[in-house]
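All of the numbers you see were taken from the coordinates with simple rules; none came from a lab. Fair warning: this is a prediction, and the values are worked out from it, not measured in the lab. Don't worry about glycine lacking a Cβ; one is built from the backbone with ideal geometry, like all the others, and counts go over all protein chains shown.
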2 protein chains.
Amino acid sequence: MKLGEIGEFGLIRRFSPRFLRGLPPGAMGIGDDCAILPWIGSRRLLVTTDMLVEGTHFLRAKISARDLGYKSLAVNLSDIAAMGGRPTAAFLSLGIPGDVDVAWLDSFFAGLQGLARRERVPLLGGDTTRSSGPLVINLAVLGEAKVGRIKLRSGARPGDAIYVTGPLGDSGGGLRIILAGRPRNRDEAALVRSHSRPRAHLAEGAWLAGRAAVMAMMDVSDGIDSDLRRIMERSGCGAAVDLDALPVSGPLRRTALRRGWKVRELAAAGGEDYCLLAAVRKDRAAAVARGFARAFSRPLVRIGTVTRAGDGLRYFSGGERAELARRGFDHFKRG
Amino acid sequence: MKLGEIGEFGLIRRFSPRFLRGLPPGAMGIGDDCAILPWIGSRRLLVTTDMLVEGTHFLRAKISARDLGYKSLAVNLSDIAAMGGRPTAAFLSLGIPGDVDVAWLDSFFAGLQGLARRERVPLLGGDTTRSSGPLVINLAVLGEAKVGRIKLRSGARPGDAIYVTGPLGDSGGGLRIILAGRPRNRDEAALVRSHSRPRAHLAEGAWLAGRAAVMAMMDVSDGIDSDLRRIMERSGCGAAVDLDALPVSGPLRRTALRRGWKVRELAAAGGEDYCLLAAVRKDRAAAVARGFARAFSRPLVRIGTVTRAGDGLRYFSGGERAELARRGFDHFKRG
């Protein structure tokens, strides 16, 4: 059987039971943004690892070495943010093709290290090796969180309000521009920048982790259409999403108009937003949103409501049921 | 500047200063088999990560999926063993080319999981993605050790006796057989097995870690000719090695005779032995060796003596100075 037939999620379903055996007490394996291990006292160790492969996750001709270094770390920091954690150390493995030169690597490290310094995440080790094919970047990032503040994907309950911490679709729009050529104006440059230099919502994650009313949290890596289904699966619930409520930036709205893109498809399934998706207890939702707005001077945006399991993921627009044309992506199936 | 011009060690020298900034108190970054982080009380967290790239580290046609899964974990466990630690969790990232099927992955996981179960190392997470080129395997392994028992590369002092915990060159011989075709007899099959299913010397590492007289330790991954130089560099010393004392297995000795190999070159620079190399205080060396032999029913083999920095790495044979024809390998230079 070929991988394309079962897809990335089929692969994960097939092999995940292997990851769940022999866990030490207090540990949690795959199924969330990070694994959790016992740490000092009430602290827990968080571990996340991501592999970026040239041709699958990035095109070397389309992203600067500096941005790629930055992004490689940022997407892992986003996983730590999603648990409400603080990153503590990073480990880098690089598989380097023969046509990468030292100047390229200098820039790559400068981009990675710039973010590492800003977020105080020391780069503590790694491995470098030759690759006969694509450039391969693997980051493993450790973090820590207090046991009572860790937010999982599994805590959402029917009635919870669903929020996101930032605009959706900018990164997906940026990718379309990159694949089509070059940005033609400042709006398009802003979208490309969102794709190439995503910001991990570490401060937002830490703030939300401090609110007991936040029942579930994860980062938006594949688009809410895909990621919300993971919360639904882990929490055993459904969701109703108001497509009109998805927060869309000015640059994306204007660019979508000019280029004839369906903006809500991009917002729901563009992927790589790296903001956070959270389910908040209904009776505390308004207070949490107000507190977030005070703390970050921008809104926590409500996009929907957690529903019962049988409901699945339902979209609405103008009060009516609506459908999305495009679904979240699968590395193995779309290749 | 191309990577081939500066080589793997040049690359590490160029970028390692970036890994040494902003370390938390009690932490240690690159330069040893594992990074070290503060953990609970007197315990320390060990972290190691290794990337294996098809075509560079293995040929998919020449190693079974099961052995490759086993070996991917084993080489990381060896780094934990080298610090005197106990492995506690593993994280796997896989970049999978389109021609790898589900049956292959089943076998790969079975090999990895078999070793993980035996050594009680839960596989706690990871990442799977498509690779447009070679199969890429990245393992990150966490471990723990008591602070006073961790053995670094930097503790060797002139006069210390140098030991290895197992025979040398079997794996290098096995690789030659693999590259030349198939094993022709039981001896050759044993060498191939040493290459494909190396054993991490975890019990030996833990035992040596408990001996205060063990001043420095590392695992033999590139061959003692290369690895001993790393201990010398970190400890600021030289070394004198008796080529006649390098422990060589019966299968390797007989195969080398039949195939016309220079056995001591293989023993010194064949690589991937994954036994341990240790420097032991002169006045306690004999007692440590006796204790090791009692504990493991095989000898701790003395191969030389730590000398002063100016001496460099000198080889002797029959009491006279000798030279090695071949040096340890460099992924970037030999490609």
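Structure above, values below:
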| quantity | calculated |
| --- | --- |
| Pairwise Cα inverse-distance average, inverted: Kirkwood Rh of the protein assembly as shown (Å) | 26.2 |
| Partner lysines for residue A:151 [C-alpha distance under 24 Å; skip if fewer than 8 residues away on the same chain] | A:71, A:282 |
| Axis proximity, chain A to B: residue whose C-beta lies nearest, plus whole-Å distance | A:133, 1 |
| For residue B:319, label point 7 Å along C-beta direction: distances to other copies, nm | 10.4 |
| Under 19 Å from the Cα of residue A:2 - lysines, other chains or at least 8 residues apart | A:333 |
| Taking all pairs of distinct alpha-carbon atoms in segment A:56-139, Kirkwood radius in angstrom | 13.2 |
| Packing-based order for B:235-245, B:117-127, using average beta carbon neighbours within 10 Å, highest first | B:117-127, B:235-245 |
| Test item: A:26-33 mean partner chain Cβ contacts at 10 Å | 3 |
| Order of A:168, A:11 under a 10 Å beta carbon neighbour criterion, fewest first | A:11, A:168 |
| For residue B:307, distant residues with modelled amide H under 5 Å away | B:159, B:238, B:239, B:240 |
| Residues A:71, B:62, A:262 arranged by fewest to most Cβ contacts within 10 Å | A:262, B:62, A:71 |
| Average beta carbon contacts from partner chains per residue of B:45-57, 10 Å cutoff | 6 |
| Taking the C-alpha atoms of segment B:137-264, convex hull volume expressed per residue in Å³ | 134 |
| Kyte-Doolittle mean at least -0.5, axial Cα span of 18 Å or more - DSSP H helices of chain B | B:3-19, B:65-82, B:102-118, B:282-296 |
| Inter-chain Cβ neighbour average for residues A:142-150, partner chain, 10 Å | 1 |
| Segment A:98-201: radius of gyration over Cα atoms, expressed as a fraction of 2.2 N^0.38 Å | 1.44 |
| Pseudo-label separations to other copies for residue B:259 - Cα-to-Cβ vector, 7 Å, nm | 5.6 |
| Order of A:231, A:36 - criterion: other Cβ atoms within 10 Å of each residue's Cβ, fewest first | A:36, A:231 |
| Amide H partners (placed H, <5 Å) of residue B:89, local residues excluded | B:142 |
| Base-10 log of normalised Debye intensity for chain A (one unit scatterer per alpha-carbon) at q = 0.09, 0.14 Å⁻¹ | -0.47, -1.21 |
| Label point at residue A:290 placed 7 Å out along Cα→Cβ; residues across segment A:189-214 whose backbone nitrogen lies under 12 Å | none |
